[in-house]
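Just below is one structure, and these are the notes that go with it.
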Amino acid sequence: MIEIKKWTEQFLAALEETFGGRIWFFGLQGSYGRGEATEDSDIDLVVILDELSPADIQAYSRMLERFAERPFLCGFLAGKEELLSWDAADLFQFYYDTQPIKGSLEQLLCRIDPEAANRAVQTGVCGIYHACVHNMLYEKDEAMLRGLYKSASFVIQAVVYLQTGRYARKREELMEAAGEEERRILRTFAHLKQGGAIEFGEMSETLFLWTKKWIGKEKLS
């Protein structure tokens, strides 16, 4: 498995070679950011430049091609001003799930409050509800169902934050802090992530009913 500290040092050197002093922030998200990565994990990178142009996007793309790990590289590239103006409901998850390597995201904190977390829950469950029904009716796609359970795990992080006042980054912490219905969703997500068998109808119905419960629910905080 990749030794991520050494690898990110090499990646940062490539970033600085490509963009010089224009790098406002560089960090990690996902399983590598949480310290839960496996051999098959993607490397979720966050790169924020002073500003972002189409030429910068192309330069970053060429830089990524230099890495043997290119098939595993994903993440977020943006300009500073766009990020600072981003929807606060998205910034809630973004801030707490990002491990800084260079720079800081502290400027985002003034926009991240319980209202943002409540909106993260509502926009999250509404999106999952719609996609779940669509998948049950039309796509019947197992990969899509896996992705919806992953999305649900992020929503549960916001739910737990509102209920407890702390953000559970690691899956084990989240499982301990979540309610019983949310634990059922998390257990199914873990099962799917490990390549477990899919019971499409049952798992879809469980997810649908869970989102239905949360849509329009009164604020948690």
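The values are calculated or read from the model by the stated rules, or taken from the named source; none is laboratory data. Note that the coordinates shown come from a computational prediction; the quantities given were computed from them, not determined experimentally. Reconstructed Cβ throughout: ideal geometry from the backbone, glycine too, with neighbour counts over all protein chains shown. Each accessible area value is taken on the protein alone, full model and side chains, heavy atoms only, with ligands, DNA and RNA left out. Shrake-Rupley method; radii C 1.70, N 1.55, O 1.52, S 1.80 Å.
Rounded, prolate or oblate, given the Cα gyration tensor of the range 22-141, with a/c below 1.5 counting as rounded? Cα axes put the range 22-141 in the oblate bin.
Computed from label points 7 Å out along Cα-Cβ, the spacing between Arg183 and Lys219 is 3.0 nm. Of the options [x] 18.7; [y] 18.0; [z] 17.4, only one is Kirkwood radius over Cα pairs in Å as computed from these coordinates, and that is [x]. For the range 124-183, the dipole from Cβ point charges (+1 on Lys and Arg, -1 on Asp and Glu) about the Cα centre works out to 220 debye, to the nearest 20. A simple spin-label model places pseudo-atoms 7 Å from Cα toward Cβ; at Glu172 and Ser104 they are separated by 3.0 nm. With a Förster radius of 22 Å, plug the Cβ-Cβ distance of Ala14 and Ser85 into 1/(1 + (r/R0)^6) and report the FRET value to the nearest 0.05. It comes out at approximately 0.20.
For the options Gln163, Gln58, Gln93, a Gaussian network treatment of the chain with springs between C-alpha atoms closer than 10 Å singles out Gln58 as fluctuating the most. Tell me whether the range 157-221 comes out rounded, prolate or oblate; compute the Cα gyration tensor, take square roots of the eigenvalues as a ≥ b ≥ c, and use a/c under 1.5 as the rounded threshold. Oblate, since a/c reaches 1.5 and b/c is not below a/b. Pairs of lysines in the range 47-177 whose Cα atoms sit within less than 24 Å of one another amount to 4, provided the residues are eight or more positions apart or on different chains. From the Cα gyration tensor of the range 92-190, with a ≥ b ≥ c the square roots of its eigenvalues, which class applies: rounded if a/c is under 1.5, or else prolate if a/b is larger than b/c, or else oblate? Prolate, because a/c is 1.5 or more and a/b exceeds b/c. Could you state the number of Å between the C-alpha centres of the range 56-119 and the range 1-54? Between the Cα centre of the range 1-54 and that of the range 56-119, the gap is 11 Å.
Tell me, what % of the accessible area of the chain is carbon and sulfur with a 1.4 angstrom probe?
Solvent-exposed carbon and sulfur of the chain make up 52 percent of the total.
Using 1/(1 + (r/R0)^6) with R0 = 30 angstrom and r between the beta carbons of Arg66 and Lys193, what's the FRET efficiency to the nearest 0.05?
Calculated transfer efficiency: 0.50.
Largest GNM mean-square fluctuation among Asp113, Asp141, Asp50, using the chain with Cα springs under 10 Å: Asp141.
Using the beta-carbon distance between Trp7 and Ala55 and R0 = 25 Å, what value does 1/(1 + (r/R0)^6) give for FRET efficiency, to the nearest 0.05? For R0 = 25 Å, the calculated efficiency reads 0.45. Out of every Cα-Cα pair that the range 35-103 contains, those further apart than 14 angstrom amount to 68 percent.
Once all protein chains are placed together, Tyr95 keeps about 40 Å² accessible to a 1.4 angstrom probe. Accessible area per residue for the chain is 52 Å², calculated with a 1.4 Å probe on protein heavy atoms, without ligands, DNA or RNA.
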